[in-house]
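K.L.:
My structure is below; once you've seen it, I'll send some questions.
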Amino acid sequence: MAGTGAHPLARAEHFIWLTARVLEQRRFAHRFLDGDPDPVETALTAYRNEDGGYAHALEPDLRGPVSQPLHTAHALGVLDSIGRCEGLRVERICRYLSDVSTKEGALPALLPSQRGYPAAPFVPLVDDPPAELLATGPIVGLLHRNEVWHAWLFRATDFCWSAVDALEQSHPYEIEAAIAFLDGAPDRTRAERAADRLGRLVRGQRLAILDPARRAEYPVAPGYAPGEHHFPHDYARTPGSLARRWFSDEELERSLDHLAAEQQEDGGWPVNWRQWAPGTTLEGRPLVTLRALETLRSYGRPLG
């Protein structure tokens with residue numbers, strides 16, 4: 001739980017300078033200290049490969065030098081956060097996405113080129129991986145939201161619609177990917193209808209803890225770590241998300257109260273997924289901390 005003393009932002013800043021990679025330090029400075037975006041992009045470039053994809057543990061649970069869709073999704077998120085999801089840099093990324101897509105025109109979570117390099121045991125490595133909403137949805141939604149137009153998006157968007165429409169039994173990370181797609185999808189009427197259905201699914205399958213005081217009563221999804229629960233703020237990361245409609249004001253306020261209280265004594269937020277290597281936790285906590293700060297700020301919570 002958070003300790004007393006300095007404001008949440010000041011404590012988080014200390015944690016970032018103490019533990020974070022250069023990229024997360026630069027991102028924090030840009031978002032919360034009025035820093036320039038150029039150093040963020042410079043730091044991100046170190047993770048880019050010649051094929052236009054990204055690697056080198058940009059996504060901490062995948063290690064090694066080979067480009068992967070999950071790293072590339074992470075890179076797009078960074079570019080989006082500094083308002084630079086455009087131009088030649090994104091054209092190169094889209095070419096990479098085209099090159100590694102499945103026959104459906106969408107993305108697998110993990111390409112077999114990862115074989116021989118460390119990766120989290122909960123990310124399955126197979127020789128012929130299927131396309132997944134988990135990998136494709138956030139990228140497609142982000143590109144649409146930034147009004148990027150590329151030939152790759154046509155089939156990838158169709159894949160995401162089919163995958164979202166087919167969702168019946170799901171799990172939190174897949175729902176997060178679905179809402180990331182729907183929040184950026186150009187067909188807003190269809191997106192709202194799909195989001196309404198997913199909201200009923202989330203509540204019906206108890207995929208969000210609506211009362212943190214009763215979290216022990218909620219199931220953990222198969223394959224998740226003990227305590228790897230999701231809360232309303234994990235789905236509705238901003239007030240403008242379609243997922244915001246899934247929860248009452250009281251439910252969301254409880255969720256945000258819980259998020260604020262999760263700040264640790266050292267100023268950072270904890271990771272709740274399975275910890276399989278020391279470096280991944282060390283690198284993951286600043287990422288979780290940035291996300292927590294962004295979420296709290298987007299809902300007008302005081303950070304100090």
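K.L.:
Trp149 versus Glu228, label points 7 Å from Cα toward the beta carbon: distance in nm?
P.N.:
Output for this residue pair reads 4.0 nm.
K.L.:
Among 237-247, 162-172, what's the highest-first ranking by average C-beta atoms within 10 angstrom per residue?
P.N.:
237-247, 162-172
K.L.:
To continue, here is another question. Per residue, how large is the accessible surface of the range 221-285? Use a 1.4 angstrom probe and give square angstrom. Provide the component values of the computation, followed by the final result.
P.N.:
On the way: 2860 Å² over 65 residues.
With all protein chains present, the range 221-285 gives 44 Å² per residue.
K.L.:
In whole Hz and in residue order, list the ³J(HN,Hα) couplings for the range 212-219 that follow from phi through the Karplus curve 6.51 cos²θ - 1.76 cosθ + 1.60, θ = phi - 60°; x for Gly and Pro.
P.N.:
Karplus values, whole Hz, x for Gly and Pro: x, 5, 10, 4, 5, 7, 9, x.
K.L.:
OK, next. I'd like the carbon and sulfur percentage of the solvent accessible area for the chain, probe radius 1.4 Å, heavy atoms only, ligands and nucleic acids excluded.
P.N.:
Result for the chain: 52 percent of the exposed heavy-atom area is carbon or sulfur.
K.L.:
Return the distance in nm (one decimal) between the two label points of a simple spin-label model at Arg301 and Tyr218, each offset 7 Å from Cα along Cα→Cβ.
P.N.:
1.4 nm
K.L.:
Rounded to the nearest 0.05, what FRET efficiency is calculated for Ser162 and Arg200 with R0 set to 25 Å and r the Cβ-Cβ distance?
P.N.:
0.80
K.L.:
Still on this structure: What does the charge count near Ile209 come to, summing +1 for each Lys or Arg and -1 for each Asp or Glu among other residues with Cβ under 10 Å from its Cβ?
P.N.:
0
K.L.:
Based on the mean of other Cβ atoms within 10 Å per residue, sort peptides 63-69, 82-88, 216-222, 101-107 so the most packed one is first.
P.N.:
63-69, 101-107, 82-88, 216-222
K.L.:
Moving on to the next point. State to the nearest 20 debye the size of the charge dipole of the chain about its Cα centre, where the only charges are +1 on K and R beta carbons and -1 on D and E beta carbons.
P.N.:
100 debye
K.L.:
Then there is this: Is the shape of the range 202-277 best called rounded, prolate or oblate, per the rule: a/c under 1.5 gives rounded, else a/b larger than b/c gives prolate, else oblate, with a ≥ b ≥ c the square roots of the Cα gyration tensor eigenvalues?
P.N.:
oblate
K.L.:
Could you order peptides 16-27, 38-49, 132-143 by the average number of other Cβ atoms within 10 Å of their residues, highest first?
P.N.:
Order by mean packing, descending: 132-143, 16-27, 38-49.
K.L.:
Next question. Which value, in debye to the nearest 20, describes the size of the charge dipole of the range 196-304 about its Cα centre when Lys and Arg Cβ atoms bear +1, Asp and Glu Cβ atoms bear -1, and nothing else is charged? Show your work: numbers first, answer last.
P.N.:
Details: 15 positive and 15 negative charges, 86 e Å.
I would put it at about 420 debye.
K.L.:
What is the spin-label model distance, in nm, from Gln169 to Ala277 if the labels are put 7 Å beyond Cα along the C-beta direction?
P.N.:
About 3.2 nm separates the two model spin labels.
K.L.:
Further question: Work out the FRET efficiency for Ala10 and Asn49 from their Cβ-Cβ distance, taking R0 = 41 Å, and round it to the nearest 0.05.
P.N.:
Once the sixth-power term is evaluated, E becomes 0.65.
K.L.:
Now for a separate question. For the range 35-163, what is the accessible area per residue in Å² when the probe is 1.4 Å?
P.N.:
Per residue, the range 35-163 has an accessible area of 43 Å².
K.L.:
For mean projected area of the Cα convex hull in nm², pick the label among (i) 18.5; (ii) 20.5; (iii) 14.9 that corresponds to the value derived from the coordinates.
P.N.:
(iii)
K.L.:
If you take the square roots of the eigenvalues of the alpha-carbon gyration tensor of the range 145-185 and sort them as a ≥ b ≥ c, do you get rounded (a/c under 1.5), prolate (a/b over b/c) or oblate?
P.N.:
Since a/c reaches 1.5 but b/c is at least a/b, the shape of the range 145-185 is classed as oblate.
K.L.:
Over the range 172-304, what relative contact order in percent results from Cα pairs under 8 Å that are six or more residues apart? Present the calculation step by step, with values, prior to reporting the outcome.
P.N.:
Working: 125 pairs, mean separation 29.6, N = 133.
Relative CO of the range 172-304 lands at 22 percent.
K.L.:
How charged is the neighbourhood of Gly53? Take every other residue with its Cβ under 10 Å from the Cβ of Gly53, and add Lys/Arg as +1 and Asp/Glu as -1.
P.N.:
0
K.L.:
Another question, then. What number, rounded to the nearest 500 deg cm²/dmol, is the helix-based mean residue ellipticity at 222 nm of the chain, given -39500 (n - 2.57) per DSSP H run of at least four residues and division by all its residues?
P.N.:
-16000 deg cm²/dmol
The values are calculated or read from the model by the stated rules, or taken from the named source; none is laboratory data. If you're wondering where the values come from, they're calculated on a predicted model, not measured in any experiment. Virtual Cβ from ideal backbone geometry, glycine too; neighbours counted across all protein chains shown. All accessible areas refer to the heavy atoms of the entire protein, side chains included, with ligands and DNA or RNA removed. Shrake-Rupley method; radii C 1.70, N 1.55, O 1.52, S 1.80 Å.
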